[in-house]
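The values are calculated or read from the model by the stated rules, or taken from the named source; none is laboratory data. None of these values were measured; they are calculated from a predicted model. Note that each Cβ is placed from the backbone with ideal geometry, even for glycine, and that neighbours are counted across all protein chains shown. What goes into the accessible areas is simple: the full protein's heavy atoms, side chains included, and nothing from ligands, DNA or RNA. Shrake-Rupley method; radii C 1.70, N 1.55, O 1.52, S 1.80 Å.
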Amino acid sequence: MDTLLSFLFERSSDFFCVLDKNGFIRHTNAAFRKMLGYSEEELAKIKINALSHPADVRRREELINSLVKKKEIKGYEARIKGIDGRFYNITWSLYFNSANEMVYASGTNLTNKLNGTSQGQLADNIQHILQSFSEGFFTVDNKWHITAFNPAFLAITGLNNKQLKNINLKKVHSLGMPPDVIAVFASAFKSEMPAQVQYFNNFFKRWLSINIYPYKNEIMVFIRDINAVKTQQLILALEKKVLELNASASFTLPQTINELLKGIEEIFPDMICSVLEVDKAEEKIYHLAAPRLPAEYCNLINGSPIGPRAGSCGTSAYHRTQIIVSNIDTDPLWDDYRAIAHPYGLNACWSTPVVSSRGSHVLATFAIYYTTAREPKPEELQLIERTSNILRVLIENKRNQDSVKEQNKMLQEIAAISSHDIRRPVATILGLVNLFDRNNPANPMNKEIVDHLDITAQELDNVIHAIVEKTVHLRDEL
């Protein structure tokens, strides 16, 4: 770096630093060091992630990957921790030099800028920042009143400006905050320590994540919808659990599938799930698992025939295709079953066939009932497809286990026949042959021996036929 650039670098009130692509700090200017309180020697030993706010670390790693591809990024905001533990909000412009694989960054301290502006400018700056957040943002005073919020927060709550202004946080019912989440806020007020919590919003039926930052007598809160990510995490954990149960000899197929359906109903509380097994002749369907369906209803449809107008499940098995009945009251497929469903408040039923991996036959149907008339959402259709695949694995694995047991039983029976039922007539024949009088064929005893040989040979022939039949059956099973 030449003398002039070095002078500008050191004297600038903006922040400058140079990092290698692994995030280690190589150079900084005086303004940056003064703000953080570190010497250049101390910073040279530090990786930038060590100074980042915990909530920004993953985002910073994604930034580096993106910067390597794009070469230049402007307006990136991040919080950097000083030696006193205070976080400074800085907006960065970054450039990646592929020749030496270094990152050159210049930054402006938004924290100081806000603190040093006039009251009017401060309000304008805050309003600008609030408007730009993609996450929901709001502030709460020590009397639990919401004092500021951004448009993203309006979208999350489903309320308007007038409804939210100075409202008590505890009375924002659309946030669906349970007592334990309110307790986290109370603890943050008392301890003045940041907190993070995830919870399921029962009002909108979605997962939310909240980051809480106390400051003096207020709390700043970031809130975002994490439903898609959280749902995928829960589904993956459920699938792992079910596959582990499937490998356990202590769980039967109905028990394992029951655990799968219970898990789905916990993730999607409005769903009522059912699995009906199709018999080998593919003529009827039988109850396999349905944790929340009334037992009386399951008994009434148990053993129902499949067909072109046999409700959702019977029709799905018949046509080997997904059947979406959004309104049981009006769909003709339910004409023969509507009276059965009505007493239990069932108004929609989507059924999907679980087809064998070879596509040769239908193993079962996976149904989702709702107490309201409705169509499936894209994420629900994805869940149905994933669950159908898991069910195929579970059912085929169980049938394969049963088939192996049956084959082992047949092999044991064949071995028993070979060792006992064949040995006895063969021993008899050998004994009779030794008694035959070859020197005097006219001996009357020879006639009796021949008669016994004939009877024993027929007995041996029957044993051989039995072995052949079991072998053929065993081959068919394979």
| message | For the stretch 153-169, check the following and say yes or no: at least one residue is assigned to a helix (DSSP H, G or I), at pLDDT 90 or above and not charged (D, E, K, R). | response | yes
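Restricting attention to the stretch 308-318, which residues are open to solvent by less than 20 Å² (accessible area, probe 1.4 Å) and on the phi < 0 side of the Ramachandran plot?
Scanning the stretch 308-318 gives 310, 312, 313, 314, 315, 316, 317.
Please tell me if residue 228 is under 27 Å from residue 375 (Cα atoms) and modelled with pLDDT under 90.
Working: under 27 Å from residue 375 (Cα atoms): yes; modelled with pLDDT under 90: yes.
Here the answer is yes, as residue 228 does meet what is asked.
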| query | Right, residue 253: closer than 30 Å to residue 289 by Cα, open to solvent by 30 Å² or more (accessible area, probe 1.4 Å) and either of a type in the set (Val, Ile, Thr) or in contact (Cβ under 8 Å) with a residue 60 or more places away in the chain (or both) or not? | reply | no
| task | Mind telling me which of the residues 83, 25 ends up being out of contact with any strand residue (DSSP E or B) (no Cβ under 9 Å at 6 or more places or on another chain) and either over 21 Å from residue 214 (Cα atoms) or not small (Gly, Ala, Ser) (or both)? | result | 83
| Condition test on residue 137, is it modelled with pLDDT of 85 or more, under 33 Å from the mean Cα position of the chain (by Cα) and closer than 18 Å to residue 79 by Cβ? | yes
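Just give me the residues in the stretch 354-373 being out of contact with any Leu (no Cβ under 8 Å at 6 or more places or on another chain) and open to solvent by less than 20 Å² (accessible area, probe 1.4 Å), in sequence order.
Within the stretch 354-373, 362, 368 meet the criteria.
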| field | First in the stretch 261-285 and without any contact (Cβ under 8 Å) to a residue 60 or more places away in the chain, second anywhere and assigned to a loop (DSSP other than H, G, I, E, B) and among the hydrophobic types (A, V, I, L, M, F, W, C), Cβ under 8 Å, 6 or more apart | value | 261/290; 265/271; 283/306; 284/306
| If you go through the stretch 288-304 one residue at a time, how many are assigned to a loop (DSSP other than H, G, I, E, B), surrounded by fewer than 19 Cβ atoms within 10 Å (Cβ to Cβ) and among the small types (Gly, Ala, Ser)? | 1
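For the stretch 62-80, how many residues are touching a helix residue (DSSP H, G or I) at 6+ places or on another chain (Cβ under 8 Å), of a type outside the set (Gly, Ala, Ser) and without any contact (Cβ under 8 Å) to a residue 40 or more places away in the chain?
Count: 4.
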| Does residue 243 fit the bill of being open to solvent by 70 Å² or more (accessible area, probe 1.4 Å), of a type in the set (A, V, I, L, M), more than 23 Å from residue 400 (Cβ to Cβ) and outside any strand (DSSP E or B)? | no
| remark: Within the stretch 267-287, the residues that are open to solvent by 70 Å² or more (accessible area, probe 1.4 Å) and not basic (Lys, Arg) are 270, 283, 286, 287
| query | Any chance the stretch 393-401 includes a residue that's touching a strand residue (DSSP E or B) at 6+ places or on another chain (Cβ under 6 Å), part of a helix (DSSP H, G or I) and either modelled with pLDDT under 75 or under 28 Å from residue 238 (Cα atoms) (or both)? | reply | yes
| said: With the structure loaded, tell me whether residue 316 is touching a Lys or Arg at 6+ places or on another chain (Cβ under 8 Å), modelled with pLDDT of 95 or more and of a type outside the set (Asp, Glu) or whether it fails that test. | reply: no
| Which residues, taken from the stretch 21-47, are open to solvent by less than 80 Å² (accessible area, probe 1.4 Å) and part of a helix (DSSP H, G or I)? | 30, 31, 32, 33, 35, 36, 40, 43
| task | Answer yes or no: is there a residue in the stretch 327-335 that is assigned to a loop (DSSP other than H, G, I, E, B), open to solvent by 60 Å² or more (accessible area, probe 1.4 Å) and over 15 Å from residue 373 (Cα atoms). | result | yes
| said: Going by what's in this entry, would residue 417 be described as modelled with pLDDT under 75, open to solvent by less than 70 Å² (accessible area, probe 1.4 Å) and either assigned to a helix (DSSP H, G or I) or farther than 16 Å from residue 275 by Cα (or both)? | reply: yes
| task | Taking the residues in the stretch 200-240 that are more than 19 Å from residue 266 (Cα to Cα) and basic (Lys, Arg) as candidates, determine which candidate is surrounded by the most Cβ atoms within 10 Å (Cβ to Cβ). | result | 224
| note | Every listed condition ((1) over 25 Å from the mean Cα position of the chain (by Cα); (2) free of Cβ contacts under 8 Å to residues at least 60 places away in the same chain) holds for residue 346 save (2)
| What is the number of the single condition among (1) part of a strand (DSSP E or B); (2) in contact with a Gly (Cβ under 8 Å, 6 or more places away or on another chain); (3) closer than 28 Å to residue 193 by Cβ that residue 89 does not meet? | (2)
| remark: By residue number, the members of the stretch 212-240 that are touching a strand residue (DSSP E or B) at 6+ places or on another chain (Cβ under 6 Å) and in a loop (DSSP other than H, G, I, E, B) are 226
| said: Quick check on my filter: what residues within the stretch 170-198 are open to solvent by less than 10 Å² (accessible area, probe 1.4 Å) and either touching a strand residue (DSSP E or B) at 6+ places or on another chain (Cβ under 6 Å) or at pLDDT below 90 (or both)? | reply: 181, 188
